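J.: Quick one: the structure is below, questions incoming.
The values are calculated or read from the model by the stated rules, or taken from the named source; none is laboratory data. Since the structure is predicted, the reported quantities are computational estimates derived from the model, not experimental observations. Using ideal geometry, Cβ is built from the backbone for each residue, glycine included, and neighbour counts are taken over all protein chains shown. Surface accessibility is based on the protein's heavy atoms, side chains included, excluding ligands, DNA and RNA. Shrake-Rupley method; radii C 1.70, N 1.55, O 1.52, S 1.80 Å.
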Amino acid sequence: MSQTYLEATLLPHENLRHRATLSLWAHFGWLLLGILLTPFVVGLFLLIALWTRMRSTELAVTDKRVLVKTGFIERQTVEMNLDCIEAIQVHQTFGGRLFNYGTLIITGAGTPQAPISNIKDPLTFRREALLAQDALKAQERGRPGPTLPP
């Protein structure tokens, strides 16, 4: 079985701390439209496009950086070192709050903003990134960092 982008780009001694996915609820309208239009073939193309988007997006926090990869044919990546992250904002609409999805906006040194839309459980992703950032800072100071769950 082939490696995922995240597994292939991990640095030596870098550990995956948290993996996230896109929310299917955020794409519910496209899913419903695809199902309704399936008898007309165009719906099948919508469902394939949605499936491809869901499967080709990889989101993760490691003990060194935040990684985001989107795209199947054309790949776009955002890789930001934890020590360069200045702020992580979460934006959730009413539907996002109800179904636990939202947009993360990661701001870092040298990078204006890196938005990640329709992520499932964005508050946990932010929490994991901030915990990993705190652990990295504590490690650099030679002190044990916060205890991170496996």
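J.: Could we say that Lys64 is basic (Lys, Arg) and either in contact with a Ser or Thr (Cβ under 6 Å, 6 or more places away or on another chain) or open to solvent by less than 50 Å² (accessible area, probe 1.4 Å) (or both) here? Quick ask: steps written out before the conclusion?
T.: On the way: basic (Lys, Arg): yes; either in contact with a Ser or Thr (Cβ under 6 Å, 6 or more places away or on another chain) or open to solvent by less than 50 Å² (accessible area, probe 1.4 Å) (or both): no.
The answer is no for Lys64.
J.: Give the residues of the stretch 134-150 that are in a helix (DSSP H, G or I), open to solvent by 70 Å² or more (accessible area, probe 1.4 Å) and at pLDDT below 90, sorted by residue number.
T.: Lys137, Gln139, Glu140
J.: Quick check on my filter: what residues within the stretch 1-41 are without any contact (Cβ under 8 Å) to a residue 24 or more places away in the chain and assigned to a loop (DSSP other than H, G, I, E, B)?
T.: Across the stretch 1-41, the qualifying residues are Met1, Ser2, Gln3, Pro12, His13, Leu37, Val41.
J.: Next up: Of the conditions (1) outside any strand (DSSP E or B); (2) at positive phi, Asn118 clears all except one; give me its number.
T.: (1)
J.: I would also like to ask the following. Given the criterion under 18 Å from Leu16 (Cβ atoms) and open to solvent by 50 Å² or more (accessible area, probe 1.4 Å), identify the matching residue among Asn81, Asn100. Can you show your working first?
T.: Details: Asn100 fails: under 18 Å from Leu16 (Cβ atoms).
Exactly one of Asn81, Asn100 is under 18 Å from Leu16 (Cβ atoms) and open to solvent by 50 Å² or more (accessible area, probe 1.4 Å), namely Asn81.
Conditions tested, residue by residue: (1) of a type outside the set (Val, Ile, Thr); (2) touching a Leu at 6+ places or on another chain (Cβ under 9 Å); (3) surrounded by 13 or more Cβ atoms within 10 Å (Cβ to Cβ).
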site	(1), (2), (3)
Leu6	yes, yes, yes
Arg19	yes, yes, yes
Gly34	yes, yes, yes
Met54	yes, yes, yes
Val68	no, yes, yes
Phe72	yes, no, no
Thr93	no, no, no
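J.: Does Ala49 count as touching a Ser or Thr at 6+ places or on another chain (Cβ under 6 Å) and surrounded by fewer than 18 Cβ atoms within 10 Å (Cβ to Cβ)? Before you say what the answer is, go through the steps one by one.
T.: On the way: touching a Ser or Thr at 6+ places or on another chain (Cβ under 6 Å): no; surrounded by fewer than 18 Cβ atoms within 10 Å (Cβ to Cβ): yes.
Criteria not met by Ala49.
J.: Still on this structure: Kindly check whether there is at least one residue in the stretch 121-133 that is part of a strand (DSSP E or B), among the hydrophobic types (A, V, I, L, M, F, W, C), open to solvent by less than 50 Å² (accessible area, probe 1.4 Å) and at pLDDT 90 or above.
T.: So the first thing to find is which residues in the stretch 121-133 are part of a strand (DSSP E or B), and the list is none.
No, that holds for no residue.
J.: In the stretch 42-98, how many residues are within 20 Å of Leu31 (Cα to Cα), within 15 Å of the chain's Cα centre (by Cα) and in a helix (DSSP H, G or I)?
T.: Selection size over the stretch 42-98: 4.
J.: In addition: Which of the residues spanning the stretch 4-18 are closer than 12 Å to Lys69 by Cβ and of a type outside the set (A, V, I, L, M)?
T.: Just the residues of the stretch 4-18 that are closer than 12 Å to Lys69 by Cβ, to begin with: 4-9.
Passing the criteria: Thr4, Tyr5, Glu7, Thr9.
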